[in-house]
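K.L.:
Let me give you the structure first, and then I'll get to my questions.
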Amino acid sequence: MRIDIITIFPAFFDALDISLLGKARQTGLIDLQVHDLRDHTHDRHRTVDDTPYGGGAGMVMKPEPWGDALDAVLPQATDAAAGPAVDGPLVIFPSPAGVRFDQAMARELAAEEHLVFGCGRYEGIDQRVVDHYAARTRVRLVSLGDYVLNGGEVAVMAMIEAVGRLIPGVVGNPESLVEESHENGLLEYPSYTKPASWRDLEVPPVLLSGNHGAIAAWRHDQQLERTRRVRPDLLPEANAENTHSTRG
Ligand SMILES: Nc1nc2cc(Br)ccc2s1
């Protein structure tokens, strides 16, 4: 998979040189490039923002640098008249106004060949950037949750971690991806390791029994109990009436 990130804070993504994603980059599993938006400015002050039309507080990111930066990472933009290319890269702008990111979307994105992430700052990016590229390729505004960050970088880091670990070969033991929170729609069961007794707290005896059927049943019951208690909205019965897709 190829990933391009456009940001005014490229150093933010130095953390992607370490751990599993760093190894995936070194082995070529992921071709990840970080681009400084300011490299696509042409004034002495490398200006990327300006005051909003219509007034209001804060600044808006100018369209010209974004146009130059996105043109540099996307193949020749097809003619808008041809409509958005369905097989080209997927351009993602993190936004509080976006479709909610979840494990299902992470799986969907992990199947893409080329992702381009545009990190907004200030009050956001001039809307014409989204409109221009939405007429030429697939563009998606994605939110991590109902809260506002100072920019898209944290959201992009989280999405790249959630997506990157699903790419075959990135995580050593793919089995470890199966029984996790949200993989089967439920929260994960509690985990324990040695010692069997710690500060007078014991490991549940069933986990020491060697009875794999009983262990599997206990773990599923724990998933259901935890999901009912913490995230009842995830339970199948909570979504039974929701037969239409909620994806934007
Ligand atoms: N939850 C989110 N907040 C923000 C703020 C900015 Br500014 C850019 C992207 C995002 S995603």
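The values are calculated or read from the model by the stated rules, or taken from the named source; none is laboratory data. Quantities reported herein were computed from a predicted structural model and do not represent experimental measurements. We place every Cβ from the backbone using ideal geometry, glycine too, and count neighbours over all the protein chains shown. These accessible areas exclude ligands, DNA and RNA; they are computed on the full protein's heavy atoms, side chains included. Shrake-Rupley method; radii C 1.70, N 1.55, O 1.52, S 1.80 Å.
K.L.:
Looking at ALA162, ALA238, which is the one that is assigned to a helix (DSSP H, G or I), of a type outside the set (Asp, Glu), in contact (Cβ under 8 Å) with a residue 24 or more places away in the chain and under 26 Å from ASP102 (Cα atoms)?
P.N.:
ALA162
Table: residues versus (1) open to solvent by 20 Å² or more (accessible area, probe 1.4 Å); (2) on the phi > 0 side of the Ramachandran plot; (3) of a type in the set (D, E, K, R).
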site	(1), (2), (3)
LEU32	no, no, no
HIS35	yes, no, no
ARG44	yes, no, yes
VAL60	yes, no, no
GLY88	no, no, no
ILE92	no, no, no
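K.L.:
Could you tell me whether region 195-202 includes any residue that is assigned to a helix (DSSP H, G or I) and farther than 25 Å from ALA110 by Cα?
P.N.:
Going residue by residue through region 195-202, those that are assigned to a helix (DSSP H, G or I) are none.
No.
K.L.:
Run ASN184 past the list (1) more than 16 Å from the ligand (Cβ to nearest atom); (2) under 27 Å from PHE12 (Cβ atoms); (3) of a type outside the set (D, E, K, R); (4) not in a helix (DSSP H, G or I) and report the number of the one that doesn't hold.
P.N.:
Here ASN184 meets the rest and fails (2).
K.L.:
Restricting the search to region 131-150, which residues are within 16 Å of the ligand (Cβ to nearest atom) and either under 18 Å from ARG100 (Cβ atoms) or touching a Gly at 6+ places or on another chain (Cβ under 6 Å) (or both)?
P.N.:
Within region 131-150, the subset within 16 Å of the ligand (Cβ to nearest atom) is 139-150.
Matches in region 131-150: VAL139, ARG140, LEU141, VAL142, SER143, LEU144, GLY145, ASP146, TYR147, VAL148, LEU149.
K.L.:
Oh, and also: Consider ASN184 against the criteria (1) at pLDDT 95 or above; (2) loosely packed, with under 15 Cβ neighbours inside 10 Å: it satisfies all of them except one. Which criterion is unmet?
P.N.:
For ASN184, the failing item is (1).
K.L.:
OK, next. Just one of GLU123, GLU153 is in contact (Cβ under 8 Å) with a residue 40 or more places away in the chain, among the charged types (D, E, K, R), within 16 Å of the ligand (Cβ to nearest atom) and open to solvent by less than 20 Å² (accessible area, probe 1.4 Å); which is it?
P.N.:
Of GLU123, GLU153, the one residue that is in contact (Cβ under 8 Å) with a residue 40 or more places away in the chain, among the charged types (D, E, K, R), within 16 Å of the ligand (Cβ to nearest atom) and open to solvent by less than 20 Å² (accessible area, probe 1.4 Å) is GLU153.
K.L.:
Right, another one. How many residues, within region 189-209, are under 22 Å from ARG229 (Cα atoms), open to solvent by less than 80 Å² (accessible area, probe 1.4 Å) and of a type outside the set (A, V, I, L, M)?
P.N.:
The total comes to 3.
K.L.:
Also, quick follow-up: Which one of these does ALA80 not meet: (1) more than 16 Å from the ligand (Cβ to nearest atom); (2) within 28 Å of GLY185 (Cβ to Cβ)?
P.N.:
Among (1) more than 16 Å from the ligand (Cβ to nearest atom); (2) within 28 Å of GLY185 (Cβ to Cβ), ALA80 violates only (2).
K.L.:
Select from region 126-139 the residues that are touching a strand residue (DSSP E or B) at 6+ places or on another chain (Cβ under 7 Å) and touching a residue at least 60 places away in the same chain (Cβ under 8 Å) and write down the one among them that is farthest from SER181 (Cα to Cα).
P.N.:
My answer is ASP126.
K.L.:
Only one of GLU161, GLU108, GLU64, GLU113 is under 14 Å from ILE3 (Cα atoms), more than 16 Å from the ligand (Cβ to nearest atom) and open to solvent by 40 Å² or more (accessible area, probe 1.4 Å). Can you tell me which?
P.N.:
Result of the check over GLU161, GLU108, GLU64, GLU113: GLU113.
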